[in-house]
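Below is one structure, written out as structure tokens, with a few remarks after it.
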Amino acid sequence: MEDQKHFIVLVAGFSNYHWNYPVYEEKFGIENFAHTTNAKRYTVDEHLEEIESILPENRPYLLVGYSMGVSLIIELMNRKVLSNCKGATLIGGSRYQPTHWFLNFVFSLPAPFIYFFAFLILLSYPIALMINKFSIKNTNHTCVEGLMRLIENKASEMRKEYNQCIRKVGIDVKGVLEENKDIPIYIIRLQKDLMVDEKDLEYTKTFFTEVKEKILPANIIHLTHAQDNEFVKMIEEEYEFFNIV
């Protein structure tokens with residue numbers, strides 16, 4: 001892709017420390033794509049510093065946020081004028097991240113106990129399979145992926161990020177800067193998402209003058225990078241909305 005092409009800045013979700021984004025790199029070109037890693041960053045401010053460090057200075061760009069990354073984008077728009085931002089795609093998230101008492105409890109424990117609870121969830125696979133109407137895809141998402149992420153990323157690191165970022169990001173945000181209100185916002189979400197507060201999503205929409213939504217069937221519990229091929233196509237289809245020629 002040539003230099004005049006728009007740059008894509010992807011803001012990763014919770015604990016995506018080692019994730020790669022081949023679908024984005026192939027579609028937009030490595031030279032036109034950057035993403036956060038979240039590695040060794042725990043607080044909201046540390047995450048925002050990483051986002052700012054990869055924003056291109058003299059090129060227009062599109063922001064793409066996943067889950068916690070959505071909340072970080074909203075937080076950034078509340079603090080910094082994004083003059084070169086042509087639009088933002090918000091995937092599976094809103095102003096803040098809803099937390100559950102069980103996760104709050106688990107991530108308050110020492111790392112060995114977090115692994116213990118994760119293994120207990122894995123052992124409940126047959127029950128989860130029935131609850132998920134024998135959907136192996138949904139059950140793997142519930143029981144297996146969480147454990148694999150703990151093993152890959154270390155429970156101690158995830159605990160810090162959960163308590164210092166997930167539980168705090170966006171909570172005090174009441175809007176975005178005036179200069180950012182006209183940035184086109186494209187929301188991709190499930191009809192019912194376990195990790196999205198629907199009332200807060202409606203509140204988030206009021207921050208902007210141009211908002212477009214794509215609602216997907218709720219056959220999974222949360223949108224993840226497993227659907228990246230679909231998301232990239234959806235973003236491309238909205239170039240006119242983002243005023244990209």
Seminar exercise, completed: With Rg from the Cα atoms and Rh as the Kirkwood inverse mean 1/r over Cα pairs, the chain has an Rg/Rh of 0.96
Seminar exercise, completed: P(r) of segment 201-245 over all Cα-Cα pairs, 10 Å bins starting at 0, rounded to whole percent, reads 19, 44, 35, 2
For this session: Could you point to the residue in Tyr186, Leu48, Leu150 farthest towards the positive end of the chain's charge dipole, with +1 and -1 charges on the Cβ of Lys/Arg and Asp/Glu respectively?
Result: Leu150
Exercise. When the dipole is taken about the Cα centre of the chain, and only Lys, Arg (+1) and Asp, Glu (-1) are charged at their Cβ, what size is it in debye, to the nearest 20?
Worked result: 880
Exercise. How long are the three semi-axes of the equivalent ellipsoid of segment 19-65, in whole Å, if each is the root of 5 times an eigenvalue of the C-alpha gyration tensor, listed from largest down?
Worked result: 20, 14, 7
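Could you give the length gained by full extension between Phe119 and Glu210, i.e. 0.36 nm per residue of separation minus their alpha carbon distance, to one decimal place? Please report the intermediate quantities before stating the final value.
Values: separation 91, 0.36 × 91 = 32.76 nm, distance 4.44 nm.
Result for the pair: 28.3 nm of gain on full extension.
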Exercise. Along the Cα-to-Cβ line of Glu236, 7 Å from the Cα, sits a label point; which residues in segment 208-228 have backbone N less than 19 Å from it?
Worked result: 214, 225-228
Exercise. Are there GluC sites (Glu not before Pro) in segment 36-117 that DSSP puts in a loop and that have at most 11 other Cβ atoms within 10 Å, and which ones?
Worked result: Glu57
Exercise. Working out 0.36 nm times the residue gap between Arg59 and Lys199, then minus their Cα-Cα distance, what length gain in nm do you get to one decimal?
Worked result: 46.9 nm
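Using a Förster radius of 25 Å, what is the FRET efficiency between Lys154 and Gln227 based on their Cβ-Cβ separation? Nearest 0.05, please.
Computed FRET efficiency for Lys154 and Gln227: 0.45.
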For this session: Output the relative contact order of the chain, whole-number percent, from Cα pairs under 8 angstrom with separation of 6+ residues.
Result: 23
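The numbers here are math on the coordinates, done by the rules we state, and not lab data. Please read all numbers here as calculations on a predicted model, not as lab measurements. Counting neighbours? That spans all protein chains shown, and the Cβs are built from the backbone with ideal geometry, glycine included.
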